[in-house]
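Report on the structure given below.
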Amino acid sequence: FRGNTMIARNDDWEISRSSAAIAVTAQRVGAFPLAAASLDAALLITLAPGPYTVVVASAEGSTGIALIEIYDAD
């Protein structure tokens with residue numbers, strides 16, 4: 001989110017149109033590899049400088065622990 005505006009959402013990185021680019025970029029920036037069929041959420045987006053908020057929620061409404069990593073891929 002930027003303010004009240006949702007920028008993007010994802011709940012399965014492999015169904016993204018950019019899944020191949022996500023995998024290549026993750027390797028290039030030193031992120032851990034995303035396993036095939038893992039259902040991890042991952043986005044590859046370009047953002048203007050400024051404040052953003054990440055909201056993490058399960059698809060089923062359950063609770064748990066989340067790890068959020070943000071990389072500068074330029």
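For Ser18, the solvent-accessible surface with a 1.4 Å probe is about 40 Å², rounded to the nearest 10.
Of the trypsin sites (Lys or Arg not before Pro) in the chain, the ones in a loop by DSSP (not H, G, I, E or B) with at most 14 other beta carbons within 10 Å are Arg9, Arg17. To put it simply, the accessible area of the chain at a 1.4 Å probe is 56 percent carbon and sulfur.
The magnitude of the dipole of the chain, with charges of +1 and -1 set on the Cβ of Lys/Arg and Asp/Glu and taken from the Cα centre, is near 200 debye. Accessible area per residue was computed with a 1.4 Å probe on protein heavy atoms; Tyr52 scores about 80 Å². Computed over the alpha carbons of the chain, Rg followed by Dmax gives 12.9, 35 Å. Accessible area per residue was computed with a 1.4 Å probe on protein heavy atoms; Ile68 scores about 90 Å². Per residue, the accessible area of the chain comes to 83 Å², computed with a 1.4 Å probe over protein heavy atoms only.
Per-residue 3J(HN,Hα) values for region 35-44, derived from phi via the Karplus relation 6.51 cos²θ - 1.76 cosθ + 1.60 with θ = phi - 60°, read 6, 4, 6, 7, 6, 5, 8, 8, 10, 10 Hz in sequence order (x marks Gly and Pro).
The values are calculated or read from the model by the stated rules, or taken from the named source; none is laboratory data. Nothing here was measured: the structure is a model prediction, and the numbers come from that model. Reconstructed Cβ throughout: ideal geometry from the backbone, glycine too, with neighbour counts over all protein chains shown. Heads up: the accessible areas ignore ligands, DNA and RNA and are worked out on the full protein's heavy atoms, side chains in. Shrake-Rupley method; radii C 1.70, N 1.55, O 1.52, S 1.80 Å.
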